[in-house]
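Peer 1: Sharing a structure with you now.
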Number of protein chains: 2
Amino acid sequence: MKNEQLNKGTIFPLGNKVEKNFIGDAYLQMVFTDEQPLNAGIGSVTFAPGARNNWHSHKVGQVLLITGGEGWYQEEGKPAQSLKAGGVVNIPANVKHWHGATKDSWFAHLAMTPGETDWLEPVDDEAYGNL
Amino acid sequence: MKNEQLNKGTIFPLGNKVEKNFIGDAYLQMVFTDEQPLNAGIGSVTFAPGARNNWHSHKVGQVLLITGGEGWYQEEGKPAQSLKAGGVVNIPANVKHWHGATKDSWFAHLAMTPGETDWLEPVDDEAYGNL
């Protein structure tokens with residue numbers, strides 16, 4: 001899927017391709033980076049079909065607001081949760097998880113992140129393929 | 001414009017009609033109200049054409065992320081700024097302002113609000129009509 005096609009479905013700009021800690025084509029546009037009044041930066045992440053981030057955790061947590069497409073959120077040891085526009089995920093601090101697009105759909109979310117992120121190993125292709 | 005029509009254009013649910021401090025038909029759906037990990041609640045506000053909130057200010061500030069339609073943001077003593085999907089506004093603490101739809105378009109934004117709001121007088125019909 002070309003960038004131009006992805007961009008048509010999204011509310012926020014695609015931004016730049018993410019080069020690390022993701023499988024497949026994903027794009028990040030930071031939409032809020034000021035120090036005040038929020039305790040978190042806000043990024044819009046857009047995933048091409050099949051793209052997902054590696055397993056990771058957040059030292060303080062993260063909130064996802066789904067702005068388009070269809071995707072997955074999975075915490076270690078739990079079933080993957082289906083996500084679509086209007087969905088909200090409150091990711092607790094230090095919980096290992098990943099998120100990304102379904103195999104057949106692009107996916108976009110805002111990510112509000114008040115602290116640092118610890119990146120881990122990629123999501124297994126076979127496990128992802130079985131979703 | 002009927003609720004059903006408004007709802008088709010929005011990412012987040014319409015929620016409930018706002019009964020105070022607004023002119024025209026506006027709807028609020030809180031999408032994030034947890035105590036952690038953010039220092040702010042997040043609401044999705046959807047305005048019918050011509051709807052806007054009264055002048056007000058925020059004790060800590062507020063961030064708006066525009067998710068659809070076309071609207072205005074105006075600080076006291078400054079020109080109104082045009083807003084559309086993908087726009088971001090960082091509203092400083094204690095700055096008197098209003099926001100809302102244009103006369104001809106619905107408008108929807110996420111509002112992240114870390115503190116209390118002080119509500120003031122309605123936006124003058126003639127001033128709004130001249131935008």
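The values are calculated or read from the model by the stated rules, or taken from the named source; none is laboratory data. Nothing here was measured: the structure is a model prediction, and the numbers come from that model. Cβ placement follows ideal geometry from the backbone for every residue including glycine, while neighbour counts extend to all protein chains displayed. Each accessible area value is taken on the protein alone, full model and side chains, heavy atoms only, with ligands, DNA and RNA left out. Shrake-Rupley method; radii C 1.70, N 1.55, O 1.52, S 1.80 Å.
Peer 1: Yes or no: the stretch A:60-83 includes at least one residue that is open to solvent by 40 Å² or more (accessible area, probe 1.4 Å), free of Cβ contacts under 8 Å to residues at least 24 places away in the same chain and either under 25 Å from A:N16 (Cα atoms) or within 14 Å of chain B (Cβ to nearest Cβ) (or both).
Peer 2: Within the stretch A:60-83, none of the residues are open to solvent by 40 Å² or more (accessible area, probe 1.4 Å), free of Cβ contacts under 8 Å to residues at least 24 places away in the same chain and either under 25 Å from A:N16 (Cα atoms) or within 14 Å of chain B (Cβ to nearest Cβ) (or both).
Peer 1: Could you identify the single residue in A:L28, A:L64, A:L14 that is of a type outside the set (D, E, K, R) and in a loop (DSSP other than H, G, I, E, B)?
Peer 2: A:L14
Peer 1: Go through (1) surrounded by fewer than 18 Cβ atoms within 10 Å (Cβ to Cβ); (2) under 11 Å from the mean Cα position of the chain (by Cα) and name the single condition B:V45 misses.
Peer 2: Checking B:V45 against (1) surrounded by fewer than 18 Cβ atoms within 10 Å (Cβ to Cβ); (2) under 11 Å from the mean Cα position of the chain (by Cα), the one that fails is (1).
Peer 1: How about the stretch B:93-115: which of its residues are open to solvent by 50 Å² or more (accessible area, probe 1.4 Å) and within 15 Å of the chain's Cα centre (by Cα)?
Peer 2: B:K103, B:W106
Peer 1: Name the pairs whose Cβ atoms lie under 8 Å apart, with the first residue in the stretch B:115-129 and within 15 Å of B:H56 (Cβ to Cβ), the second exposed (fewer than 10 other Cβ atoms within 10 Å of the Cβ), and 6 or more positions between them or separate chains?
Peer 2: The qualifying pairs are B:W119/B:K20.
Peer 1: Could you check the stretch B:28-41 and list, in sequence order, the residues that are surrounded by 15 or more Cβ atoms within 10 Å (Cβ to Cβ) and either at pLDDT below 95 or within 7 Å of chain A (Cβ to nearest Cβ) (or both)?
Peer 2: Result: B:V31, B:F32, B:P37, B:L38, B:N39, B:A40.
Peer 1: Here's something else I'd like to know. Looking only at the stretch B:67-101, filter to residues that are in contact with a Pro (Cβ under 7 Å, 6 or more places away or on another chain) and outside any strand (DSSP E or B); which one of those is modelled with the highest pLDDT?
Peer 2: Checked the stretch B:67-101; the qualifying residue modelled with the highest pLDDT is B:A93.
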